[in-house]
Amino acid sequence: MGRSRRLDWKSAVHHVMARGIEKSTIFKDDNDRARFVARIEKCVAETGVAIYAWALMPNHIHLLIKTKNIPLSKFMQKLLTGHANYFNKKYNRVGHLFQNRYKSILVQAEVYLLKLVRYIHVNPLEASIVSDYETLKRYPWTGHPGLVYPGYYPWQETRQVLNAFSSNKMNKIRQYTQFIEESEEIIYQDGRFNDGSFLLGANGLLSLDESEEEEIGGYSQYRVLGNIDYAREIYDKISRVRKGQLRDREFEHDSVIKILEYAANKWRIPRTALTSKGRSKSVAEARELVCYMFINVMGMSLVDSGRILNLSCQGVHAAAERFLPDYDFDTEIRSILT
């Protein structure tokens with residue numbers, strides 16, 4: 001299966017999962033968990049992301065995150081690299097702690113935000129780490145206590161979740177608690193929370209409810225959790241006028257020229273500066289936009305993009321990761337490519 005790409009822009013909501021390599025333990029005691037929670041707080045302060053829900057399991061983590069001005073990738077890099085360094089040093093180990101890349105699914109918040117909050121926070125009960133809902137309220141390694149006792153984790157975003165239930169402080173907590181304590185059959189009947197409801201890729205848009213395993217390869221670039229209208233909206237944002245295909249060589253050739261010219265004009269630099277070794281701030285910012293569009297809009301490979309820009313694959317990837325568009329970036333895309 002192809003390596004899935006990231007969908008991210010300001011105010012995007014993501015369900016993020018990171019698992020220990022070969023499902024190995026990533027927390028050995030409560031000190032490890034406490035250090036990780038402190039690291040979340042530090043990374044939230046440094047990046048400005050909002051954390052709606054989270055859970056630390058023995059060999060994996062769940063986070064429900066909204067990005068702001070800094071990409072999700074930067075938050076996750078700080079969080080996971082920091083913990084891996086701490087863990088390896090403490091336990092005298094070497095090598096990767098986490099399995100491959102973290103997994104992220106773009107979420108239609110108005111439909112799935114509360115369902116995911118519940119799903120994530122009930123994980124320790126489902127795994128028999130805690131015995132009942134009363135214990136779960138006091139279990140410190142999820143965001144559930146932060147919602148039952150607002151202020152428990154000052155860095156956790158609680159207002160949007162609780163305000164969805166009531167404007168009255170006591171009622172909203174009571175209604176949130178009742179919502180969490182619905183039967184586990186209701187909570188876990190939707191298997192899409194960890195995989196998404198739709199895959200978007202070179203072959204178009206695929207519903208996971210209607211697909212067979214062998215079909216998935218050509219659709220695996222992006223994962224979305226939402227209804228069909230939301231999935232189509234996101235697909236349209238990234239495929240635009242290419243008749244349902246995320247890759248078209250003729251379109252790509254013409255568009256590369258348009259993107260380079262647009263970036264050069266926007267930052268008032270010569271187009272040749274984008275393919276030279278220049279390191280000025282304006283050249284770097286222009287390259288970030290170009291790399292982002294090559295990789296995440298055009299669907300080009302790191303190798304092809306690097307050849308055009310005279311950058312290594314790592315350089316293209318890093319530049320693309322630094323660029324975070326507004327949600328309305330597709331309007332700018334249309335102005336460039338039409």
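The values are calculated or read from the model by the stated rules, or taken from the named source; none is laboratory data. The model shown is predicted, which means the values in this text are computed figures rather than measured ones. Heads up, the Cβs are rebuilt from the backbone with ideal geometry, glycines too, and the neighbour counts pull from every protein chain shown. Remember, those area values only see protein heavy atoms, side chains included, never the ligands or the DNA or RNA. Shrake-Rupley method; radii C 1.70, N 1.55, O 1.52, S 1.80 Å.
Glu157 falls short on exactly one of the conditions (1) in a loop (DSSP other than H, G, I, E, B); (2) open to solvent by less than 40 Å² (accessible area, probe 1.4 Å), and that condition is (2).
Of the residues making up segment 20-36, those that are open to solvent by 90 Å² or more (accessible area, probe 1.4 Å) and under 18 Å from Gln77 (Cα atoms) number 1. Collect the residues in segment 42-64 that are open to solvent by 10 Å² or more (accessible area, probe 1.4 Å) and in contact with a Leu (Cβ under 7 Å, 6 or more places away or on another chain), keeping them in residue-number order. Scanning segment 42-64 gives no hits. Looking across segment 74-106, just one residue is buried (at least 20 other Cβ atoms within 10 Å of the Cβ), within 19 Å of the chain's Cα centre (by Cα) and in a loop (DSSP other than H, G, I, E, B), and that is Tyr102. For segment 276-306: of the residues being modelled with pLDDT of 90 or more and of a type in the set (Lys, Arg), which is nearest to Asp8 (Cα to Cα)? The selected residue is Arg287.
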